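Let me begin by presenting the structure, written as C-alpha cells, before commenting on it.
The values are calculated or read from the model by the stated rules, or taken from the named source; none is laboratory data. From a predicted model like this one, the values you see are computed outputs, not experimental measurements. Using ideal geometry, Cβ is built from the backbone for each residue, glycine included, and neighbour counts are taken over all protein chains shown. These accessible areas exclude ligands, DNA and RNA; they are computed on the full protein's heavy atoms, side chains included. Shrake-Rupley method; radii C 1.70, N 1.55, O 1.52, S 1.80 Å.
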Amino acid sequence: MKSPLLSLSGAVPAEGVDEGVAAHYGDLFREQRALAGGTGFVDLSHRGIVTVTGEDRLSWLHLLLTQHVSDLPTGQATEALILSAHGHIEHALYLVDDGVTVWAHVEPGTQDALVAYLESMKFFNRVEVADRTADFAVVHLPAGSIAEVPEGVVVRETAYGRDLFLPREDLESYAEKTGPAAGILAYEALRVEQHRPRLGFETDHRTIPHELGWIGTAVHLQKGCYRGQETVARVQNLGKPPRRLVFLHLDGSEVHLPVAGTDIRLADEGPDGRKIGFITTSVRHHELGPVALALVKRNVPVDARLTADTTAAAQEVVVEP
C-alpha cells in the first residue's frame, strides 16, 4: 500500500519489504538526529494492522502467543511471538489493548497469514479477528516527543516512543501538523543502535527466540502452554541456542556498507576462512558510523576480530554466549 506521504518534498521511496513508504526525505542524518532528539515522526503506514475484539480476546490470545496477556492492563504495550511447532519464529506482534480491542501491528505483508492462522484457532471462543490495514496506518513518534495525539486514537507507548493507530484518511493532515517527517532508514538506524531485532531481518526459517534476546521482552517463561513452548523450555533449561545476536562496529574507512546476508568470518582465518555468521541489518548511524546487527555461532569468542566480507568488524555482545 503506497503512502500518500511519498508526495512530501524530498521523499525517496524505500525498497524491498519497506516499499510503500519513504526511505528518507533527502537528509538521512538530519532525520536520525531529529528522531534521537524527540522530534518529528516516522510513516510506518506500510505495516499490517490486525485487531481482535470480543470478551474472550485476551484469554484466547494468551493460549496462542508467547507473551502473558490474559491480564494485560488497558493501554499497556507489549510484544509477542507466534512460533511453529518446532519453536521457530513465524510472527511478531506489537500489541496494545484499549479495553475493547487488541490492536497489533506486524511486518508488512504478514497480516494475511496471521489472520488466517488466528481464524483457524477460534473454535468456540468469543472473538472476532480483522485485518484493519486498509483503514488504519501506524505512525511512530520518537521517545521524548511532545507531539499531540488526536482524540480517540489508540496509542502503543514504549521506551522507544509511541506508535499511533491513526485512521488512514487522517495521515496527510496529521503529517502536516507533526513534521518533520523522517524516513524508514532513520528509524532503522535507531533500531539497530538499540539492538532490537526485526522479523524477516534478524530471523530466518530456523530462528528461535533465545538467539535474538526476545526472552523476557516477547516470551514469558512462566505462562501456560502454547505452540513451540517445548523448544523454548528445553533451550532455557537444558542448553544454549546455536546462534546469538551481536552488534557490530564496522570499519568506517570502507566506502561500501556490507549488506544483509554478507558472510562473517574470523579475521585471523582470512577471506577463505569458515563462515561463522552473517549480517542481518546494516546502517549508517549519525554518531556511531557504520554499524550492523548480525547472527554468529554461539561459540565465537566475544573478543574475536571479525570481517564482514572485506570489512573489519568489532562485536558488542547482545545475547550472551
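Please verify whether Asp268 is free of Cβ contacts under 8 Å to residues at least 12 places away in the same chain and open to solvent by 60 Å² or more (accessible area, probe 1.4 Å), treating the condition exactly as stated. For Asp268, the condition - free of Cβ contacts under 8 Å to residues at least 12 places away in the same chain and open to solvent by 60 Å² or more (accessible area, probe 1.4 Å) - is not met. State whether one or more residues within region 144-158 are modelled with pLDDT of 95 or more, out of contact with any strand residue (DSSP E or B) (no Cβ under 6 Å at 6 or more places or on another chain) and over 24 Å from Ala34 (Cβ atoms). Yes. Being open to solvent by less than 20 Å² (accessible area, probe 1.4 Å), not hydrophobic (A, V, I, L, M, F, W, C) and not in a strand (DSSP E or B) is a property that Glu55 lacks. Starting from residues that are over 20 Å from the mean Cα position of the chain (by Cα) and touching a residue at least 24 places away in the same chain (Cβ under 8 Å), keep the ones in region 92-116 and report whichever is least open to solvent (accessible area, probe 1.4 Å). Only one residue tops the list, namely Thr101. Within region 298-321, residues that are on the phi > 0 side of the Ramachandran plot and open to solvent by 70 Å² or more (accessible area, probe 1.4 Å) sit with their Cβ atoms under 8 Å from residues that are at pLDDT 95 or above and among the charged types (D, E, K, R), at 6+ positions apart or across chains, in these pairs: Asp309/Asp263.
One residue alone among Glu19, Glu31, Glu15 is closer than 21 Å to Asp163 by Cβ, open to solvent by 20 Å² or more (accessible area, probe 1.4 Å) and of a type in the set (Asp, Glu), and that residue is Glu19.
Filtered by the rule that a residue be open to solvent by 60 Å² or more (accessible area, probe 1.4 Å) and hydroxyl-bearing (Ser, Thr, Tyr), region 68-91 gives a lone residue, Thr74. In the condition set (1) open to solvent by 30 Å² or more (accessible area, probe 1.4 Å); (2) modelled with pLDDT under 95, Thr217 is compliant with all but (2). One residue alone among Gln222, Gln236 is under 25 Å from Glu90 (Cα atoms), assigned to a loop (DSSP other than H, G, I, E, B) and open to solvent by 60 Å² or more (accessible area, probe 1.4 Å), and that residue is Gln222. Among the residues making up region 239-251, those that are open to solvent by less than 20 Å² (accessible area, probe 1.4 Å) and outside any loop (DSSP other than H, G, I, E, B) are Arg243, Arg244, Leu245, Val246, Phe247, Leu248, Leu250.
Step by step: first the residues of region 1-28, then only those that are of a type outside the set (Gly, Ala, Ser) and without any contact (Cβ under 8 Å) to a residue 12 or more places away in the chain, then the one that is nearest to Ser173 (Cα to Cα). Which residue is that? Filtering first and then ranking leaves Pro13.
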